[in-house]
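Heads up, the thing below is written out as structure tokens.
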Amino acid sequence: MADVEIDAFLAERGFRTPEARRAARAVLEAAGLTNPRKSRLSDGKLGPAREALARELVRACGETVCAEAAARREGARAVTADPEDCEICGGSANARAAVRFSAACAGRRPRLVVVGGSPDVRRELARLIGRDAELRLVDGTGTMTADRARADVRWADLVVVAGASELSHKVSVPYRSAADGREKVIVVPKRGVAAIIDAATERLR
């Protein structure tokens, strides 16, 4: 029967840092899948080893938001991993921003209008925060009527205008005018998905 190096198996599963590797090895030994003298794992034990690691440990990078999210994982212990091996963000600033947004929502689903952003940005926003918020994503390159902008502002808990994105004045001006001094309309001067999500998070808090 084929077998694999335990260290190579753990690295493949994302346990690359010394702390993560030691913790993972301890889990395998406690489950009776190996012992301190062995350096290889039989093929028949790979499935149970994956299940034990997934059940007992959660990998998190050094970012506070990821460590906090990992600590909330019931029944599992958090271990420090390299950013690309983090189960929370996978090394992505966008994913970390989405975790912060989800925590700020605290179980409610705010109504969020995002004005502008490329098609890729809008798709990423829908993927990352679509489960935590009711979204209206507005193409910033088209046209916008004053009536529709006012309706969106009335509907929304927050309107985020992506000022550093693909955004025509024909679209942005109606929203800014509809705001009429209300704080629910904000302009984000920085580019990117994380900047948009983080601006919404700060206001929702």
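The values are calculated or read from the model by the stated rules, or taken from the named source; none is laboratory data. Keep in mind that what you see is a predicted model, and the values were worked out from it rather than measured. Glycine gets a Cβ as well: all are built from the backbone with ideal geometry, and neighbour counts include every protein chain shown. Ligands, DNA and RNA are stripped out before the accessible areas are found, and what is left, the full protein with its side chains, is counted by its heavy atoms. Shrake-Rupley method; radii C 1.70, N 1.55, O 1.52, S 1.80 Å.
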Does the range 51-61 contain at least one residue that is more than 30 Å from PHE101 (Cβ to Cβ) and either surrounded by fewer than 18 Cβ atoms within 10 Å (Cβ to Cβ) or modelled with pLDDT of 95 or more (or both)?
-> yes
Filter the range 37-50 down to the residues that are assigned to a helix (DSSP H, G or I) and open to solvent by 70 Å² or more (accessible area, probe 1.4 Å), then identify the one that is farthest from GLY90 (Cα to Cα).
-> ASP43
Looking at the range 40-61, which of its residues are under 22 Å from the mean Cα position of the chain (by Cα) and small (Gly, Ala, Ser)?
-> ALA54, ALA60
When the residues of the range 71-90 are filtered to those that are in contact (Cβ under 8 Å) with a residue 24 or more places away in the chain and open to solvent by less than 40 Å² (accessible area, probe 1.4 Å), which remaining residue is farthest from the chain's Cα centre (by Cα)?
-> VAL79
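Yes/no per residue for (1) under 15 Å from LEU125 (Cβ atoms); (2) open to solvent by 20 Å² or more (accessible area, probe 1.4 Å):
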site: MET144; (1), (2): no, yes
site: ALA149; (1), (2): no, no
site: ASP152; (1), (2): no, no
site: TRP155; (1), (2): no, yes
site: GLY163; (1), (2): no, yes
site: GLU183; (1), (2): no, yes
site: GLY192; (1), (2): yes, yes
GLU68 vs (1) open to solvent by 40 Å² or more (accessible area, probe 1.4 Å); (2) touching a residue at least 40 places away in the same chain (Cβ under 8 Å); (3) not aliphatic (A, V, I, L, M): all pass except (2)
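Taking the range 14-29 only, how many residues are in a helix (DSSP H, G or I), over 22 Å from SER42 (Cβ atoms) and in contact (Cβ under 8 Å) with a residue 12 or more places away in the chain?
To start, the set of residues in the range 14-29 that are in a helix (DSSP H, G or I) comprises 18-29.
After this cut, where a residue has to be over 22 Å from SER42 (Cβ atoms) as well, the list is 18-20.
Okay, now just the ones that are also in contact (Cβ under 8 Å) with a residue 12 or more places away in the chain, so 19-20.
Qualifying residue count, the range 14-29: 2.
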Of (1) out of contact with any strand residue (DSSP E or B) (no Cβ under 6 Å at 6 or more places or on another chain); (2) farther than 20 Å from ALA95 by Cβ; (3) of a type in the set (A, V, I, L, M), VAL121 fails just (2)
Return the total of residues in the range 86-109 being out of contact with any Cys (no Cβ under 8 Å at 6 or more places or on another chain) and outside any loop (DSSP other than H, G, I, E, B).
-> 10
